[in-house]
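What follows is one structure encoded as structure tokens, with my remarks underneath.
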Amino acid sequence: MTDLKRTPLHDLCQAANGRMVPFAGWEMAVQFSGLVAEHKAVREAAGVFDISHMGVLRFSGPNPKDALQKLVPTDLHRIGPGQACYTVLLNETGGILDDLIVYDMGDSTVLAVINAACAGSDRAWLEQQLSGSEITISDEKGDGVLLALQGPDAQRVLEGLSGTSLAELPRFGQRMLPIPGLGIDVLVARTGYTGEDGFELLLPRDAGRQLWSQLLNAGVIPCGLGARDSLRLEAAMHLYGNDMDTSTSPLEAGLGWLVHLENPMPFIGREALEKEVEQGSQRKLVGLRLEGRAIPRHDYPILDGEQIVGTVSSGGWSPCLEAGIGLGYVPKALAKVGTVLAVEIRGKRHPATVVKRPFYRRPS
């Protein structure tokens, strides 16, 4: 693993008994105390993830939102300073290049958090698309730290460290938050990838190392990639490269809410999506729940009778539901909730019912 990149928290993760594995060109902790323990910590209290492998880009110049608007199907003018939104980058055929969160920072500045595996290709593509404009793209994170503090106790913990109430910060809201113990203001957003309330925080390297230690000292459980995946799967959140890629459109991926065709704005892929709306999607992403102890995995065949009708795009065991769950694409006619299909696991068929997504929804 010598050629892999390491986050600024690498040694601290090892000190917390993190088991390191290769992931998207980085050496990351897959687990600390165990996947189920970490999963339940986030569902019941609070957990913290090192997500410093993800990319953070800054777009600066006159009207950067107008420039980015041509590259995404979501109306970026629905958000203002102090707000953020989830969206996707598309190619001309309406396929998804990556998913990202866009932050309106005001002062002619927009930030975007992108996936680690797509960071290089995303930046090259964005620079190509914005070539000739007055918008400059720079690396906002550098050697800094990105943390995800997630769980029902996340707000209480962060308020305790900052001395500032976060009750008025809405979902997808973001602000600069002073944390006296660090001596700096930290960018905090009420976002996450777990289906729980929580925050993502961007801060410089040394301050990030301090905050990680402060959170663990406050009783927050360190969590790895394993729990991150099981949590996002229960919440039916997409994983790029599994549940969506350049061969899938946001409409068939169940992300139609990101596509604002009622706004006449031009964007890459618009014509393809308009055609898909007119003709209808041929397939849909569905949630599957299996019986007994059967666990679906990525690429397992989905069957209707004896016919293979799709493959599992993401799958695993749900600690909360105590059942095997998965996502996968099937023909539109088989996508109705209640449809009984099957997943083939090591040559055996296991009944799988199409269920409503998300599989898990946090208590209101």
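Just one residue in the set Ala117, Ala124, Ala112 is without any contact (Cβ under 8 Å) to a residue 60 or more places away in the chain and open to solvent by 50 Å² or more (accessible area, probe 1.4 Å); that residue is Ala124.
If only one of Asp11, Asp3 is at pLDDT below 95 and among the charged types (D, E, K, R), which one is it? Exactly one of Asp11, Asp3 is at pLDDT below 95 and among the charged types (D, E, K, R), namely Asp3.
Under the condition of being within 20 Å of Leu216 (Cα to Cα) and either at pLDDT below 95 or out of contact with any helix residue (DSSP H, G or I) (no Cβ under 9 Å at 6 or more places or on another chain) (or both), the residues counted in the range 159-172 number 4. Hey, among Asp139, Asp107, Asp143, which residue is open to solvent by 60 Å² or more (accessible area, probe 1.4 Å), of a type in the set (D, E, K, R) and modelled with pLDDT under 95? Step by step, each of Asp139, Asp107, Asp143 is checked, and only Asp107 is open to solvent by 60 Å² or more (accessible area, probe 1.4 Å), of a type in the set (D, E, K, R) and modelled with pLDDT under 95.
Considering the range 243-272, the residues that are within 26 Å of Val355 (Cα to Cα) and in a helix (DSSP H, G or I) include one that is most open to solvent (accessible area, probe 1.4 Å), namely Trp257.
It is to be established whether one or more residues within the range 242-258 are aliphatic (A, V, I, L, M) and in contact with a Lys or Arg (Cβ under 8 Å, 6 or more places away or on another chain). Within the range 242-258, none of the residues are aliphatic (A, V, I, L, M) and in contact with a Lys or Arg (Cβ under 8 Å, 6 or more places away or on another chain). Counting only residues that are of a type in the set (S, T, N, Q) and in contact with a strand residue (DSSP E or B) (Cβ under 8 Å, 6 or more places away or on another chain), the range 182-211 holds 2 of them.
Name every residue in the range 167-179 that is within 19 Å of the chain's Cα centre (by Cα) and open to solvent by less than 50 Å² (accessible area, probe 1.4 Å), in order of residue number. Result: Phe172, Gly173, Gln174.
Residues in the range 37-71 that are open to solvent by 20 Å² or more (accessible area, probe 1.4 Å) and among the polar types (S, T, N, Q): Ser60, Asn63.
Pick from the range 224-242 the residues that are assigned to a loop (DSSP other than H, G, I, E, B) and either open to solvent by 30 Å² or more (accessible area, probe 1.4 Å) or of a type in the set (Lys, Arg) (or both): which of them is farthest from Gly310 (Cα to Cα)? My answer is Met237. Looking at Arg123, Arg156, Arg171, just one residue is basic (Lys, Arg) and more than 29 Å from Glu38 (Cβ to Cβ), and that residue is Arg123. Please find, within the range 13-36, the residue that is farthest from the chain's Cα centre (by Cα) out of those that are crowded, with 18+ Cβ neighbours inside 10 Å and either hydroxyl-bearing (Ser, Thr, Tyr) or within 19 Å of Gly142 (Cα to Cα) (or both). Among those that are crowded, with 18+ Cβ neighbours inside 10 Å and either hydroxyl-bearing (Ser, Thr, Tyr) or within 19 Å of Gly142 (Cα to Cα) (or both), it is Glu27. With respect to the conditions (1) open to solvent by 20 Å² or more (accessible area, probe 1.4 Å); (2) over 21 Å from Lys40 (Cβ atoms); (3) not hydroxyl-bearing (Ser, Thr, Tyr), Ile221 lacks only one, and its number is (2).
Scanning the range 180-197 for residues that are open to solvent by less than 30 Å² (accessible area, probe 1.4 Å), among the hydroxyl-bearing types (Ser, Thr, Tyr) and closer than 18 Å to Ser314 by Cα returns a single hit, Thr194.
Take the conditions free of Cβ contacts under 8 Å to residues at least 60 places away in the same chain and either assigned to a strand (DSSP E or B) or open to solvent by 30 Å² or more (accessible area, probe 1.4 Å) (or both) and apply them to Glu200. Does it pass? For Glu200, the condition - free of Cβ contacts under 8 Å to residues at least 60 places away in the same chain and either assigned to a strand (DSSP E or B) or open to solvent by 30 Å² or more (accessible area, probe 1.4 Å) (or both) - is not met.
Test Ala294 against the stated conditions and say whether it is of a type outside the set (Phe, Trp, Tyr), assigned to a loop (DSSP other than H, G, I, E, B), open to solvent by less than 50 Å² (accessible area, probe 1.4 Å) and over 16 Å from Glu234 (Cβ atoms). So Ala294 passes the test.
Selection of first residues in the range 249-262 that are in contact (Cβ under 8 Å) with a residue 60 or more places away in the chain and of second residues that are in a loop (DSSP other than H, G, I, E, B) and open to solvent by 20 Å² or more (accessible area, probe 1.4 Å), restricted to Cβ pairs under 6 Å at least 6 apart or on distinct chains, gives the following pairs, ordered by first then second residue: His260/Asp75.
The values are calculated or read from the model by the stated rules, or taken from the named source; none is laboratory data. This one's a predicted model, so the numbers in the text were calculated from it and none came from an experiment. Backbone-built Cβ (ideal geometry, glycine too); neighbour counts: all protein chains shown. Side chains included, ligands, DNA and RNA excluded: accessible areas come from the protein's heavy atoms. Shrake-Rupley method; radii C 1.70, N 1.55, O 1.52, S 1.80 Å.
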